[in-house]
Structure formats: structure tokens, C-alpha cells
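Before any comments, here is the structure.
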Amino acid sequence: MLEKKEIAQLKAFAAEIRMGILEQLRAKGVGHAGGSMSIADVLAVLYGKEMSYKVDDPNWADRDRVVCSKGHAGPALYATLALKGFFPYEQLLTLNQPKTMLPSHCDHSKTPGIDMTTGSLGQGVSLAVGSALACKLQGRSNRVFVFVGDGECNEGQVWEAAMFAAAHGLDNMTWLLDNNKKQLDGTVEEILDTGDLSEKFAAFGFNSVRIDGHDVEAIYDTIHDYDRACGKPQMIVLDTVKGKGVADIEAMPSNHSITVPYDDATRWMAELAEEVKALREEA
Amino acid sequence: MKIIYDGSMGEKELRNIFRDTLIDLVEKDPTIVYLDADLMGCMGTGPWAKQHPDRAINCGIAEADMVGIACGMAAEGYRPIMHTFGPFASRRCYDQLFLSAGYAGNDVTVVGGDPGVCAALNGGTHMPFEDTALFRLIPGSTIVEVTDYAILESVMRQLPYLPGVKYIRVDRKKAKPVYEMGGEAPIGKGIVLREGADITIIASGIMVQEALEAAKVLEAEGIEATVVDMFTVKPLDTELVLQCAEKTGAMVVAENHNRIGGLCSAVADALVENGAKAAVEFVAVFERYGEVGTREYLQEACGLTAGDIVAKARKALARK
């Protein structure tokens, strides 16, 4: 259970992450807004409260791992890592510039704090499974968190990895499924209806729950209180809104990757800054 | 490497060497881990694997996932060696090999079994003539095609410790030994099996033995052939290729693979890039799929026999 103060702090952190995402997209004028904004609240819980990590030692062997299998949400992780001090905040202005340390899709070799290189959908989940298996075999007590998209579940590899994770009892894994209901060409329902993903993963052998993916309290409780004694990997289907946090982006029918006019972004960031200010006062 | 070739078939199967070397590697190095995609039975590793679930992982019939898992383990400090049949170890999971392994910098060793016509009775669906080409395209990759028992053991001991994506192309059945066991075959160095001034035959895998037989036939005709076992396809021993081209001026490249993208292409690239002058002919598969049949039948059908090498050698000599 989080204290009221902590809830306000995590909400403020989430809003700051969203500002950081917009900072990057404003600088470049374009980018993956929708699926970055939708996972900001989970990232706030992970990096603001739940996870063990060392900013000055990003490859610390016993850290909790984060694999962003939906690699296009890189800007959300970059904002989070910059706010936590893994690299200077100013680096966010270099997103997708030549020789940047922040490419569109996550790259372990370029960015401190990024645990796996991802981008070709479906591949990150297997990487995370390999990481979780290795950590178990090495006797580590850490956890591996993997972000997977609902559209990404179109990929067969996701289900291969799910079968393996359950069959091998990888209870050190938590899959965070960003169920924002949209993929590039339209809604998940109309492109390739995945059905009830929580039920599907439960059938695959996961301990599966569905929660509000923007409720930091629910997110924290579900992750923190997970009883690994069940011997199953955890699936948290996060009921989210693509583009969450900025009404204009949320309202766009297609917001996977959007052009970001400088003035609009500045206005959105100012609104978020007000939100952060209010939450900080509350905290 | 001490050469002992006499044309006779060995007693062991290559898979026995694979298994025994693998077990030895695992016992000596806690970072070595073995993954398979439900084909442990084909390599004889099954009973041992069952006793060592922490070091031998059966990923089921899910090659893409196996590559990802191996890469995830590599990121955590392991040196994974994964096996499945050649087509499933290359075409089936190519994007995973290219990105999760190569691009992401996760160093893994891939063993592709039953190369080319060695797939024999499993037929066209299981017959890879493209695997070397695909692996060559991965930046920083290393590719070995196994000649016999000694080469297999030697490369298995070296490859896990090299960076990048490493590919071992190997048959699992009996082979005609070319080398005495126990020697070290340095990766990236071709081995000259015999010297001759008239023509060079550069071969890999099962075509090495065919090349040695072809050299005997040519010798009877008064043609002296140099035979090179180019067991490392990448990085190619360019220096040796150029030396041979200069010395003999004629060359046959022989491989149990498509003419495009494998050893034939690698040698041709080396010759062209260095402005070497040589009459070159290829003995390889071209513009066709595999089919079912015995290895002997398929070698005939695909033009991969000693006789094919002799014929191409005569052609190259005529153009010299």
C-alpha cells in the first residue's frame, strides 16, 4: 500500500515522464507519442518506487531488468532514465539525431539503463525470457519486467515466449501488457482482434490480472504484492489509453507516430507542468 | 592438423563428437549453455540434457524463441550454443539472428545440422542451400563448415569464445576423416591438403573429400591440383585464395550450398576485389530447391560429386 503522499509523488513523476517524452518529440517534430505516453504511469511506479537499480552502475548484476519489447516506446524510457539521472536531461533533445544515444527504438549498446535492444516486435519478450531464465539459473532474486504491446501480440513469437515462460515457471518475470487498444493501422479489434488478452495469457499458464494502467496505486500493489510462490510468470494487462495525459493526442484517431508542432507541444508541456506543480504541493 | 585421409569412412558419427565436445565444454566452463529446438535426439544429447536441466535447455519447436532466449542469456553472461536443422537455424529465425543476436551485440553460437544434401531423406523442406549466405550477411559473423571429426571438435572449442554470431554447418552422420583428432584448426585459416601447380580446388564440408578424390583423378591425367579445405567461410582466408590464384591461375570452388552467397561467392569476391586473374568454375547448387533422396543420389542430382569437380577443373584449365 502506498501512502497518499507517495501516490501524489508517483503521479507527478508520471506527468514529468510525459513532459520528457514531449520534450524529445518537440525537438524532432515527430515521434511515437501514443505508445510512449500510455506506459508513463507504470514506468513511474517501476523507477519511482518498486525497482532495484543503481544510476551510477546501470549494468549492476543484481538489478531488476526492464525490457521494452514494444521498442518504439523508447522515448518513454529515455524520459524516465534522464529524470532519474542515468544521463543528462539535455540528451532528450537529441532523439533520432545522427549519432544520438537515443534512437527511436531501444538500444542497449547506446543508452545507459536500457537493458535490451528491441524494435522488431515479438523479439523482446524472448530476450526477456532468456534474461529471466539466466537470472534464475544464476540464483539472483531480482525481477525482469517486460513491456509488450497489445498489437505486438499479433506476433507469433510472443506466444512462443509465453509458453516457455510458463512451462519453465519463470515467476521472476512480470509482463506488462500495454492494452491501449490501437495499433498502427487502426484499432486492435479491427486489425487483428486479439480477444481478451488477460484470459489468453491465463490459459497459457500466467498469473494474469487486468488493471487500470493509469492507476499508480493499483499498479504498485499488483507488482509489489506479487506472490512468486505461485511459480508462475505474472501478466498484468494494463487497461490504458494511447496518448494518455494530453487530451489532444488522446483524441487523435491515429496517434502511433505523430507530427508534433512546436507550439502545440509547448502548450501540452505547460499543462503537464501545472499538473506536476499541483501534485508536488499535494505531496 | 595432421592429414590422415585415405578415403575410408570413419567409425563414429559426427554427432558423437558434437555431444562429447559439448559436454566437455559445459563441464569446464560454467558460462556454456546448450539450447535445442526439440532436436536433441538427432544429436544424441537428450539423455545427458535431461540430467542437466540447468545447462541444457529444450526450447521446444520454437526456433525464433530459442534464438531470443539464447540472446537474453548471452546478455546475462552466458555463451549459448544452440542447435537445430540448418533451414530452421537460419531461414526460420533470420530476423531474430540478425537483430536480437547480431545487431544487439548478443554473442551466440548456432549449429545448423544436416547441411544441403546431408538432409537426404528429410527432403526439400529440410535441405538448406542458403544458410551460409544468410549468415554471411550478418555483420561480424563467423561461419564454419565442418569437414570431419577433428575440425568439428576444434571449432567447437574456439567459436563460443569469439564475438558476434557464429555458425557451424555440420552433418551429424559418419564422415571420412581428413585429419587426426586433437589438432587445432585456427578459425579463418584455410588448410592446404595437397599442393599442385596446375589448378586449385577450394572446398568446404563434404566437398573436401570429393575434392581430394577429384585431385586423384586429375593426377592420373597428369594434372596437379592444390586442394584447400576452406572450412572457415567467413572470415575468408583471402591471402591463401590469392596465393593459389597466382600460383595455379585456375580454380574450382566446391560447396554443398547454393552458388550464390556462400563459399563460391566469397572466393569470387576476394578475387575480384583484389584484381586477381584466374579462370574460376563453381561446383555448387544453382537455381533449384532440394528434394528427397539418399545423399549419393542427391550429390549426383545436384552436381556435387568428385566427377563434377573434375569436369569443372577441365573447363577451368581450358580457359586458363
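Take the conditions (1) closer than 30 Å to A:Ala167 by Cα; (2) within 14 Å of chain A (Cβ to nearest Cβ); (3) touching a helix residue (DSSP H, G or I) at 6+ places or on another chain (Cβ under 9 Å); B:Thr125 misses just one of them, which is (2). Here B:Pro53 meets each of (1) surrounded by 21 or more Cβ atoms within 10 Å (Cβ to Cβ); (2) at the interface with chain A (Cβ under 10 Å from one of its Cβ atoms) with one exception, condition (1).
Applying the selection to region B:277-292, what residues are at pLDDT 95 or above and surrounded by fewer than 19 Cβ atoms within 10 Å (Cβ to Cβ)?
Within region B:277-292, B:Ala279, B:Phe286, B:Glu287, B:Arg288, B:Tyr289, B:Glu291, B:Val292 meet the criteria.
When region A:229-245 is limited to residues that are in contact with a helix residue (DSSP H, G or I) (Cβ under 6 Å, 6 or more places away or on another chain) and either outside any strand (DSSP E or B) or without any contact (Cβ under 8 Å) to a residue 24 or more places away in the chain (or both), the one that is nearest to A:Val146 (Cα to Cα) turns out to be A:Pro233. If you filter region A:151-175 down to residues that are more than 11 Å from chain B (Cβ to nearest Cβ) and either among the basic types (Lys, Arg) or part of a helix (DSSP H, G or I) (or both), you find that the one that is farthest from the chain's Cα centre (by Cα) is A:Ala166.
For the structure I just gave you, tell me whether A:Asn179 is in contact with a strand residue (DSSP E or B) (Cβ under 6 Å, 6 or more places away or on another chain), modelled with pLDDT of 95 or more, of a type in the set (S, T, N, Q) and farther than 30 Å from B:Ala37 by Cβ.
Details: in contact with a strand residue (DSSP E or B) (Cβ under 6 Å, 6 or more places away or on another chain): yes; modelled with pLDDT of 95 or more: yes; of a type in the set (S, T, N, Q): yes; farther than 30 Å from B:Ala37 by Cβ: yes.
It is true that A:Asn179 is in contact with a strand residue (DSSP E or B) (Cβ under 6 Å, 6 or more places away or on another chain), modelled with pLDDT of 95 or more, of a type in the set (S, T, N, Q) and farther than 30 Å from B:Ala37 by Cβ.
Evaluated against (1) in contact (Cβ under 8 Å) with a residue 12 or more places away in the chain; (2) surrounded by fewer than 23 Cβ atoms within 10 Å (Cβ to Cβ), B:Gly105 falls short on exactly one condition, (1). Tell me yes or no: at least one residue of region A:133-150 is in a helix (DSSP H, G or I), surrounded by 23 or more Cβ atoms within 10 Å (Cβ to Cβ), more than 11 Å from chain B (Cβ to nearest Cβ) and not acidic (Asp, Glu). Looking through region A:133-150, none of the residues is in a helix (DSSP H, G or I), surrounded by 23 or more Cβ atoms within 10 Å (Cβ to Cβ), more than 11 Å from chain B (Cβ to nearest Cβ) and not acidic (Asp, Glu). Each residue in region A:59-104 was checked for being part of a loop (DSSP other than H, G, I, E, B) and over 23 Å from A:Ala134 (Cβ atoms), and 13 pass.
Quick check on region B:119-126. Is at least one of its residues over 25 Å from B:Leu304 (Cα atoms) and touching a residue at least 40 places away in the same chain (Cβ under 8 Å)? Talk me through it step by step, then tell me what you get.
Within region B:119-126, the subset over 25 Å from B:Leu304 (Cα atoms) is none.
Checking region B:119-126: not a single residue is over 25 Å from B:Leu304 (Cα atoms) and touching a residue at least 40 places away in the same chain (Cβ under 8 Å).
Restricting attention to region B:67-86, the residues that are touching a His at 6+ places or on another chain (Cβ under 9 Å) and either surrounded by fewer than 24 Cβ atoms within 10 Å (Cβ to Cβ) or within 11 Å of chain A (Cβ to nearest Cβ) (or both) total 1.
Say we look at region B:23-44 and pick out the residues that are in contact with a Phe, Trp or Tyr (Cβ under 7 Å, 6 or more places away or on another chain) and under 14 Å from B:Val111 (Cα atoms); which of these is farthest from the other protein chains (Cβ to nearest Cβ)?
To start, the set of residues in region B:23-44 that are in contact with a Phe, Trp or Tyr (Cβ under 7 Å, 6 or more places away or on another chain) comprises B:23, B:26, B:31, B:33, B:37, B:39, B:43.
So of that shortlist, the ones also under 14 Å from B:Val111 (Cα atoms) come out as B:33, B:37, B:39, B:43.
On the way: B:Val33: 8, B:Ala37: 10, B:Leu39: 16, B:Met43: 20 Å.
Ranking the qualifying residues of region B:23-44, first place goes to B:Met43.
Is there a residue being more than 14 Å from chain A (Cβ to nearest Cβ) and at positive phi anywhere in region B:95-115? Show your work before the answer.
Here is the first cut: in region B:95-115, the ones more than 14 Å from chain A (Cβ to nearest Cβ) are B:109-115.
Subsequent filtering for residues that are at positive phi retains B:114.
Yes; the residues of region B:95-115 include at least one that is more than 14 Å from chain A (Cβ to nearest Cβ) and at positive phi.
Scanning region B:266-320 for residues that are β-branched (Val, Ile, Thr) and either touching a residue at least 24 places away in the same chain (Cβ under 8 Å) or in contact with a Ser or Thr (Cβ under 8 Å, 6 or more places away or on another chain) (or both) returns B:Val267, B:Val280, B:Val283, B:Val285, B:Val292, B:Thr294, B:Thr305, B:Ile309, B:Val310.
On the stretch given as region A:218-253, residues that are over 27 Å from A:Ala203 (Cα atoms) and either surrounded by 17 or more Cβ atoms within 10 Å (Cβ to Cβ) or not hydrophobic (A, V, I, L, M, F, W, C) (or both) total 8. A:Ser208 meets all of the listed conditions (1) surrounded by fewer than 16 Cβ atoms within 10 Å (Cβ to Cβ); (2) of a type outside the set (Phe, Trp, Tyr); (3) within 25 Å of A:Gly169 (Cβ to Cβ); (4) touching a residue at least 24 places away in the same chain (Cβ under 8 Å) but one, namely (1).
The values are calculated or read from the model by the stated rules, or taken from the named source; none is laboratory data. Nothing here was measured: the structure is a model prediction, and the numbers come from that model. Glycine gets a Cβ as well: all are built from the backbone with ideal geometry, and neighbour counts include every protein chain shown.
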